[in-house]
Amino acid sequence: MRENLARIEELTQRLTEALAHRAPPRQSLQAPDSDLFLHAATAYWTEMFKQPSKALEQQLEYWRKSLKHHVEAQEVLRKGKLQAPEDNTPADRRFANPLWKSHPYFNYIKQQYMIATEAMHQTVQSLDTIPDREKRRLSYFTQQITDMMAPTNFLATNPDALMKAVETEGESLVRGLENLVRDIEANKGDLLVTLADKDAFSVGENIATTPGKVVFRNRMFELIQYAPSTEKVHRTPLVIFPPWINKFYVMDLKPQNSLIKWIVDQGYTLFVVSWVNPDVSYSDVGLDTYVEEGYLEAIRVAREITDEKQVNVIGYCIAGTTLSLVLALMKKRKDKSVRSATLFTTLTDFSDQGEVGVFLEDDFVDGIEAECTEKGYLDSFFMSRTFSFLRSNDLIYGPAIRSYMMGEAPPAFDLLYWNGDGTNLPGRMCVEYLRGLCQQDRFASASFRICGEDVSLSDVAHPIFAIACETDHIAAWRSSFRGVSKMGSRDKTFVLSESGHIAGIINPPSKKKYGHYTGATPAGDPEAWLQEASFNEGSWWPHWEEWLRRRSGAQIPARIPGDSLHKALCDAPGTYVVSSKNNAMS
């Protein structure tokens with residue numbers, strides 16, 4: 001006990017010091033705008049005056065359920081039974097501990113929380129005098145509030161944490177305080193929970209280990225050419241453009257789930273772009289720069305090394321959006337360097353932005369623009385926090401409970417390690433993307449100016465294979481479908497994978513985990529397409545590879561990375577992905 005008290009005193013001093021040095025929050029990034037809640041309050045009171053019976057009915061229904069449950073709980077105890085009343089609340093994995101169901105104290109708290117949460121959401125949904133877009137945002141932030149106030153997030157009402165504290169004689173709480181202080185110190189006073197053991201992985205040693213060479217480097221990217229694993233390869237090389245919001249090695253975490261290794265094993269000459277992690281010196285970099293010095297340069301080098309006139313290309317997420325701009329630009333320029341394109345979880349039509357749309361209103365984007373103007377770039381912290389709040393129970397509250405209340409060490413989980421290894425965004429590019437593409441939807445609704453040309457979705461004429469993911473919270477599949485349907489290509493294939501933005505793409509056939517839907521050429525209503533589509537067990541990878549194979553030419557002897565003009569600069573995964581100079585966490 002004395003040792004623990006001494007540790008607590010030391011940790012408290014460290015915590016106080018870390019918080020004292022915390023930078024003040026930037027006012028420009030304190031969103032959402034208060035107008036959203038003002039509109040909601042105005043709408044509520046307007047409807048109360050117009051339809052007082054409706055508001056009264058909602059209030060009475062809440063109190064009826066709450067009081068009924070209270071009486072039932074008291075009645076069980078009055079009969080001398082230390083147990084909970086009947087519980088018909090919906091299943092929720094946050095309340096997996098059996099005590100939430102059986103213990104009268106924990107069950108009472110849980111049921112009251114669920115009743116209150118349901119009442120709040122029903123009130124929001126009943127607001128008829130605010131636009132649907134505002135209602136969706138209000139519903140999202142209401143969900144954030146109710147998730148934050150869940151009884152699992154507090155020590156006194158979390159049976160797992162209390163049981164662990166008793167079992168360890170308080171040691172779990174001391175370890176939890178150590179974890180809390182560590183995270184606050186590491187993030188200069190901000191609380192950002194560590195998701196994975198940072199010492200468990202080393203890029204290039206036990207993740208991102210597929211053999212290859214960096215064969216080209218400029219200020220925007222390193223180009224990796226992977227070593228062949230087959231005696232022969234298809235003539236047409238393949239170039240992957242990953243999103244520069246994250247690092248490319250999500251496609252090469254471990255050999256058994258590496259998309260990069262799998263593609264190489266199917267007999268393709270594979271190039272992958274590894275983007276630089278920008279700092280203030282990249283403040284002038286816009287989408288034009290990514291296109292000219294990134295996409296077009298990578299395609300040129302891949303063609304030069306392989307001595308081929310055309311390449312096949314892949315774009316993932318924002319890199320797929322920008323790749324679509326490149327394809328449209330190529331049509332304008334009569335550039336035939338690309339034979340076919342594959343798009344992973346790509347949005348090109350932003351008329352319905354899905355879940356991420358709550359962060360694309362002016363109150364958020366104005367703050368991001370102010371931050372980019374002041375610093376020249378958007379720190380990776382903001383993007384990481386934004387995406388985490390789209391899945392707050394999985395990426396914020398759950399990990400915080402395990403780390404700070406249970407005293408557990410972060411898990412050795414490669415995907416979560418990658419998730420915490422974010423990158424910065426150039427200020428100019430960030431604003432161009434958010435304003436011109438996301439908010440104004442110019443690529444789909446009118447035209448978007450890129451590299452001196454006005455391009456639109458109808459200018460995308462290459463063969464397209466698009467994969468969207470059913471529960472994607474970043475690139476909603478219906479929006480992805482609508483974008484592909486507006487492209488001018490006559491050769492379009494759309495596949496809907498089960499699962500989300502990452503798991504739906506990194507879905508190796510050997511796991512036999514998530515299936516996929518295939519159907520007609522994408523057109524019209526996405527729901528109608530899905531109703532007519534066929535469900536297929538297992539990964540979409542083999543289906544896509546069959547499509548790619550028909551567009552990749554004859555088999556030729558395998559190519560060794562580089563050529564006389566492009567000597568190997570270093571081994572894969574290269575320097576941009578691991579250098580401390582380009583480490584967003586530094």
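Pull out the extension gain between residue 112 and residue 148, defined as 0.36 nm times the separation in residues minus the alpha carbon to alpha carbon distance; nm, one decimal.
Gain in length upon complete extension: 11.4 nm.
Hydrodynamic estimate: the Kirkwood radius of segment 68-180 over Cα pairs, inserted into Stokes-Einstein at 20 °C and 1.002 mPa s, corresponds to D of 132 µm²/s. A DSSP coil position with no more than 13 other Cβ atoms inside 10 Å describes the following trypsin sites (Lys or Arg not before Pro) in segment 150-220: 188, 219. Basic side chains Lys and Arg get +1 at the Cβ, acidic Asp and Glu get -1 at the Cβ, and with that the dipole of the chain about its Cα centre reaches some 1180 debye.
Between residue 366 and residue 391, how high is the FRET efficiency from 1/(1 + (r/R0)^6) when r is the Cβ-Cβ distance and R₀ = 30 Å? Nearest 0.05. Intermediate results must be reported in sequence, preceding the final value.
Values: r = 25 Å, r/R0 = 0.83.
Rounded to the nearest 0.05, the efficiency is 0.75.
The packing ranking of peptides 97-107, 419-429, highest mean first, is 419-429, 97-107, where packing means the average number of other beta carbon atoms within 10 angstrom of each residue. For segment 299-362, the alpha-carbon radius of gyration amounts to 1.38 times the rule-of-thumb value 2.2 N^0.38 Å expected for a compact globular protein. Annotation for segment 316-341 versus segment 139-190: alpha-carbon center distance of 47 Å.
What FRET efficiency, computed as 1/(1 + (r/R0)^6) with R0 = 35 Å and r the Cβ-Cβ distance, is obtained for residue 373 and residue 155, rounded to the nearest 0.05? Mind dumping the intermediate values first?
Details: r = 42 Å, r/R0 = 1.19.
E(calc), rounded to 0.05, equals 0.25.
Please report the equivalent ellipsoid semi-axes of segment 455-514, computed as sqrt(5 x eigenvalue) of the Cα gyration tensor, largest first, in whole Å. Provide the component values of the computation, followed by the final result.
On the way: eigenvalues 120, 34, 11 Å².
Value: 25, 13, 8 Å, ordered largest first.
Potential lengthening of the chain between residue 381 and residue 56 amounts to 112.6 nm, from the contour at 0.36 nm per residue minus the alpha-carbon distance. Dividing the summed helix terms, -39500 (n - 2.57) for each DSSP H run of n ≥ 4, by the number of residues in the chain produces a 222 nm estimate of -12500 deg cm²/dmol to the nearest 500. For residue 182 and residue 284, what is the calculated FRET efficiency with R₀ set at 41 Å and r taken between the beta-carbons, to the nearest 0.05? Taking R0 as 41 Å, the efficiency between residue 182 and residue 284 is 0.65.
Within the chain, the percentage of alpha carbon pairs spaced more than 35 angstrom apart rounds to 46%.
Dipole size of segment 488-557 about its Cα centre, with +1 on Lys/Arg Cβ and -1 on Asp/Glu Cβ: approximately 360 debye, rounded to the nearest 20. Just name one of 448, 540, 412: the one whose Cα is farthest towards the positive end of the charge dipole of segment 407-561 (beta-carbon charges, Lys/Arg +1, Asp/Glu -1). Among 448, 540, 412, the one farthest towards the positive end of the dipole of segment 407-561 is 448. Neighbours of residue 7 by Cβ distance under 14 Å: Lys/Arg scored +1, Asp/Glu scored -1, total -2.
With 0.36 nm allotted per residue and the present C-alpha distance subtracted, the residue 64-residue 232 stretch has 53.2 nm of extension available.
Spin-label pair residue 22-residue 531: with each label point 7 Å from Cα along the Cα-Cβ axis, the two points sit 5.2 nm from one another. For segment 395-523, averaging the sequence separation of C-alpha pairs within contact (under 8 Å, six or more residues apart) and dividing by the residue count gives a relative contact order of 18 percent. In summary, the aspartates and glutamates within cross-link reach of residue 65, defined as a Cα separation below 17 angstrom excluding same-chain residues under 8 places away, comprise 57, 75, 86, 87, 118. For residue 332, neighbours were defined as the other residues whose beta-carbon sits under 10 Å from its Cβ, and their charges (Lys and Arg +1, Asp and Glu -1) total -1. Here the label points at residue 163 and residue 2, each 7 Å from Cα along the C-beta direction, are separated by 3.4 nm in the simple model. Restricting attention to segment 272-380, which trypsin sites (Lys or Arg not before Pro) occupy a DSSP loop and are surrounded by at most 12 other Cβ atoms within 10 Å? Qualifying residues, ordered by number: 309, 334, 336.
For residue 165, neighbours were defined as the other residues whose beta-carbon sits under 14 Å from its Cβ, and their charges (Lys and Arg +1, Asp and Glu -1) total -2.
Values quoted throughout were computed directly from the atomic coordinates according to the rules given, and no laboratory measurement underlies them. Keep in mind the model is a prediction, meaning the values are calculated, not measured. All Cβ positions, even for glycine, are placed from backbone atoms using ideal geometry, and neighbour counts span all protein chains on display.
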